[in-house]
Amino acid sequence: MRFNYHFEPSFGWMNDPNGLVYYKGLYHAFFQHFPYQPVWGPMHWGHCVSSDLVHWKEVEIALRPDQVYENGGGCFSGSAIVKDGRLYVFYTAVSNLWGQTQCMAYSDDGFHFTKYSGNPILPKCPVNSGSPASNGDFRDPKVTYMDGHYYMVCGSREYAGTSFTPMVLLFRSDDLVHWDYQGPLVRGEQLGIVPECPDFFKIRSEDGRDRYVLLYSRMQTLQASCRIMVGDFDGKTFTCTEEQTPEQGPDFYAPQSFQAPDGRRIVIAWHYHWGKPLTPGAYTAGALTASRCLTVDSNDMVHLEPVKELEPYLTSNSDKVKVLGNHVTVTDTEKPIFDKKFDHISDIRILEDTKSVEVFINKGTCNVSGWLSDTLIGQGGRE
């Protein structure tokens with residue numbers, strides 16, 4: 001059984017989406033990938049492309065762990081950006097000797113990449129993030145261009161003895177190669193153990209204000225692991241005015257955003273979660289969520305609604321979704337994965353696929369993404 005509206009690899013394991021970008025007429029989605037078994041292993045960057053944000057085609061693996069600075073875990077998560085017609089990707093390399101470092105590769109066609117000869121571009125975490133080499137937790141570089149500079153955020157935590165403080169680290173550059181540490185963008189226990197796959201960007205709100213948005217995922221949190229902060233930024237300091245969790249289901253993790261050619265801010269996440277049991281004999285594990293469009297309203301509320309390209313596939317009814325008055329229950333065949341009473345319900349839209357359901361409530365201010373337990377997870381494999 002294969003998905004109809006969600007990407008999954010033809011074989012092997014996948015987790016976080018990486019390097020989401022529009023380049024040379026196609027949407028590109030890279031992803032964490034172990035191509036040899038449907039379990040986590042040394043990370044590669046898988047690659048798929050789309051012309052409509054709905055139907056994706058798997059293409060050749062973009063990055064393989066073939067360098068000494070990648071010999072301890074591979075090529076972990078990262079991002080992509082276009083500069084002067086060239087596509088640059090940034091990723092965390094994991095080595096046995098140096099731990100987690102930040103590296104870069106580039107491409108002129110979007111499919112074949114050359115790793116930068118000066119890697120790693122960030123060989124040392126600016127805080128003591130644990131061994132080895134104080135680079136134990138220093139990962140997931142997300143690069144964006146705003147306000148005349150390139151900015152990078154990474155997830156980390158700073159150790160003091162046996163205790164630690166989770167934080168999102170901020171760097172700035174004018175050439176994508178030389179990066180200056182600006183300090184922690186956000187720090188504190190609210191970030192969880194480590195804030196994974198942070199994403200920081202500027203967006204215009206519906207009432208015309210410049211807002212700055214930080215996405216991150218709380219490591220080892222199952223339900224509602226993705227958090228979103230909205231606030232102000234002066235080039236170095238981020239002041240949060242609103243924090244929210246619009247995604248409430250178990251199978252939405254490590255979201256990443258990018259700007260489409262028409263200006264929309266598109267978000268895609270990992271449609272799976274750590275610890276999900278794999279069906280014996282399965283060929284694949286993991287998928288991408290449906291594409292969402294992120295907007296910020298006049299109250300700094302974030303809306304994550306399905307992209308317009310998904311409209312033909314959305315419904316308002318499903319036997320997995322029960323609505324009684326203002327009470328919504330989403331059932332995973334045997335047990336509820338979401339149960340909540342709202343003050344009001346303005347609309348519900350549902351994307352039901354062969355192996356999962358995604359529910360968008362109240363203009364995307366509360367969403368639920370979950371796999372269905374009566375499906376054979378990962379069955380189907382090569383087709």
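Apart from one condition, Tyr145 fits all of (1) touching a residue at least 60 places away in the same chain (Cβ under 8 Å); (2) surrounded by 19 or more Cβ atoms within 10 Å (Cβ to Cβ); (3) in a strand (DSSP E or B); the exception is (2).
Among residues that are surrounded by 15 or more Cβ atoms within 10 Å (Cβ to Cβ) and over 19 Å from Val194 (Cβ atoms), Arg211 is included.
Among the residues making up the range 219-234, those that are more than 20 Å from Glu358 (Cα to Cα) and modelled with pLDDT of 95 or more are Met229, Val230, Gly231, Asp232, Phe233, Asp234.
Looking at this structure, is Lys124 closer than 30 Å to Glu305 by Cβ and either assigned by TED's automatic domain parsing to the domain that holds Glu305 or assigned to a loop (DSSP other than H, G, I, E, B) (or both)? So Lys124 does not fit the description; no. Phe164 fulfils the conditions (1) over 12 Å from Arg218 (Cα atoms); (2) within 18 Å of the chain's Cα centre (by Cα) except for a single criterion, (2). Kindly evaluate Tyr151 against the criterion of being in a strand (DSSP E or B), farther than 25 Å from Val68 by Cβ and in contact (Cβ under 8 Å) with a residue 40 or more places away in the chain. For Tyr151, the condition - in a strand (DSSP E or B), farther than 25 Å from Val68 by Cβ and in contact (Cβ under 8 Å) with a residue 40 or more places away in the chain - is met. The residue of the range 44-69 that is nearest to the chain's Cα centre (by Cα), among those that are free of Cβ contacts under 8 Å to residues at least 40 places away in the same chain and surrounded by 22 or more Cβ atoms within 10 Å (Cβ to Cβ), is Gly46.
Of all residues in the range 85-95, at least one satisfies being touching an Asp or Glu at 6+ places or on another chain (Cβ under 6 Å), crowded, with 24+ Cβ neighbours inside 10 Å and among the hydrophobic types (A, V, I, L, M, F, W, C).
The values are calculated or read from the model by the stated rules, or taken from the named source; none is laboratory data. A quick note: this is a predicted structure, and the numbers were derived from the prediction, not measured. For neighbour counting, all protein chains shown are included, and Cβ atoms are generated from backbone atoms with ideal geometry for every residue, glycine included.
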